[in-house]
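Peer 1: After the structure tokens below, expect a handful of questions from me.
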Amino acid sequence: MEVAREEHAGLHRSKRSAQGAVRGGEIRGPSHLRHLHRPHVHAVRQRRGVSKGGHAQRQHPRPGLHERPHLAERPGRRAHVAQEHQREVIRKGGGHDVMEGSRRRRPMPLVYVSAPFAPPRSGCIVTGRRILLALALIAAGVLVGLPIARVFAPDAPSPAVGELVTPPPAAVEVDPIPFGPEEQEGSPTAPVEVPELRELNRMFTGVAERATQAVVYVEVDIGDADPYAYGAHTTAGSGVIVSPAGYVVTNAHVVEDARRVTVVLDDKREFAAEVVGRDPTTDLAVLRLLEAGVSGTVPLPVATLGDSDDLALGEWVIAVGSPFRLTGTVTQGIVSALGRSPRVIQNEVFIEDFIQTDAAINQGNSGGALVNLDGEVIGVVTAIATLSGISEGYGFAVPSNLVRRVTEDLVAYGEVRRGYVGIQVGEMTAADARERGMERIRGVLVSDVYSGGPGARAGLRAGDVLLEVNGVPVNATNRFQSRVALAQPNDRLALTIWRDGQMRELQTALVTSDDPGLQRWIAGGAPPAEPPASAPMPAPPDVPRAQATDYGVRFRDLTPEERRRFNVTAGAYVENVEPESAAYQDGLPPGTVVVEVEGEPVASAAEAQAILADLARSETPALLRVRRNDGITAFYDLLSPIAD
């Protein structure tokens, strides 16, 4: 029989939710018994002989609830009655089918709470209400027990005022934290070695250790320059010990106006020092440590000066000094450039042929050492280029070869004695190289030669291109100056020059600065060695000519002989300049060749006349590039003949 629909509706009514009753053989129990498992129903049906459709008729139907009014009127006993009825059903086998009228109803499914259902041996089951009651008792015991345990627990000692209370450490065993990769069977445990890097590291550390011993801290008392200033009037820099006798090279600006100099070594030894000599031209100076080399004293550490000509771009270097009075500071960088002339030497005459480096250099590094990886001093740190006042990666050092030369003179004479060639040089341009048939820009251009001087006696002429000095290329004027500065007076120099489309070798000997003829030439009183501008040479009458009437100049085309003599391939020969004309007043000499006008190349006399005519009409000045017969290129700015 089916479970009555009336039972399903009644279970949802609040008034009968907890009631268990029997109506015409129908079982109705409390709502918490509805969630049990169906295997029990299947077992019960087997014991009761349920038919294939799952239905069987009860043989002894129990009276319904309407036949027991005393239970309906006493709702407090409904749950008890339902529980008793359920236990009775279980004892009898538990299966049940219900018949109400002619309709069959399916019994409610039963679900296990936890474990698979097994009928209790005592003949009763543990209901959900009892489980809730047991849990409630346990919770009540915990809540009541905790306060009681606290009351009877021994009191902990109270901390004193200001005492830091540290909780006891938790008794928890923590496994040690492994560091590094996990070791695997057969894998090496030692770190991977890179021999090249280890060797490089040892090289750097060894060089730094040796270099710092020979680099000193220099403190200079400059006296009462400002009597109202607070504190001692001192400046500081660095220096390099270059001799066991106690000679120290530093910068000239470090010991300028020095009244007292103190030198402190890396091992904390302190010496008073005197200034042996200064050379503002190269910004170098030499000090001598007093009481150095006295019997019983520890020998001084001495630096080795290397050959700065062997330096290459990109070579690693180390700067050692005392930036911001931080003695023994070592920084590392590379050779960024060679032969720099940033015009940092504050002197009327200067020789700058600096090594540029990106090693950090700051105030106090002046006079310190620039060292290569062989431990040799290849430069003396002198200056930096900066906008912020601190290192920005552009430091400059005097090459060691020039340092050696200046130091020797300062120690021997107290001054630097230099030799002179008696020539004046300038930078080469692309036009100069093209006009001389050179494939690329090289060397320096000889612009003036002292008549009777070493250069003139060697055969140098104005217009020659000086390529090498003693086999060393000189592609800038400061490089030429530094090569000459390395030589002593009366030393002979081997000069390589370019003339008439080919290289030539010359020999010359230097003279001292007190040579009378050299002094007059420097002062501007000596006649130049080159001949003056030649007078106009006659030319065949059929050579094309052009008259620049506005400027008072007559041009003609060049002859083959003039092209060779002026070493040009094209141009306009200045055949005549009218007196009191614009060209005459602006100094344009006759007998010269105009090769450009306002940057435009001139190939013939007609082109020169046409360009000048256009400039005159527009009232624009004309800048002429002119080649003289001595090979010198000069510029003449001709004002507009029409402008006031």
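Peer 1: For a quick protection proxy, order the peptides 131-137, 549-555 by their average other-Cβ count within 10 Å, most packed first.
Peer 2: 549-555, 131-137
Peer 1: Still on this structure, I have one more. Quick one: which residues, 5+ away or cross-chain, put their amide H under 5 Å from the amide H of Gln363? H built at 1.01 Å from N.
Peer 2: Sorted by chain and number, the residues that satisfy this are Phe324.
Peer 1: What are the residues whose amide H is under 5 Å from the amide H of Ala494, where those residues sit 5 or more places off or on another chain and H is modelled from the backbone?
Peer 2: Those qualifying (amide H under 5 Å, at least 5 residues apart or on another chain) are Asn470.
Peer 1: Under a Cβ-Cβ cut-off of 12 Å, what is the net charge of the residues other than Thr569 that fall near it, where Lys and Arg count +1 and Asp and Glu count -1?
Peer 2: +3
Peer 1: In the range 419-523, if every C-alpha pair distance is counted and binned at 10 Å from zero, what percent goes to each bin?
Peer 2: Per 10 Å bin, starting at 0, the Cα pair percentages come out as 16, 52, 27, 5.
Peer 1: What net charge do the residues around Ser238 carry, taking every other residue with its C-beta under 12 Å from that of Ser238, with Lys and Arg at +1 and Asp and Glu at -1?
Peer 2: Computed value for this residue: -1.
Peer 1: Ser581: net charge of surrounding residues, Cβ under 11 Å, Lys/Arg +1, Asp/Glu -1, itself excluded?
Peer 2: -3
Peer 1: Of all the Cα-Cα pairs you can form in the range 545-638, what percent are over 17 Å apart?
Peer 2: Of the Cα pairs, 40 percent sit more than 17 Å apart.
FYI, it's all coordinate maths here, none of it is from the lab. This is a predicted model, so every value here is computed, not measured. Here Cβ is always computed from backbone atoms with ideal geometry, including for glycine, and neighbour counts include all displayed protein chains.
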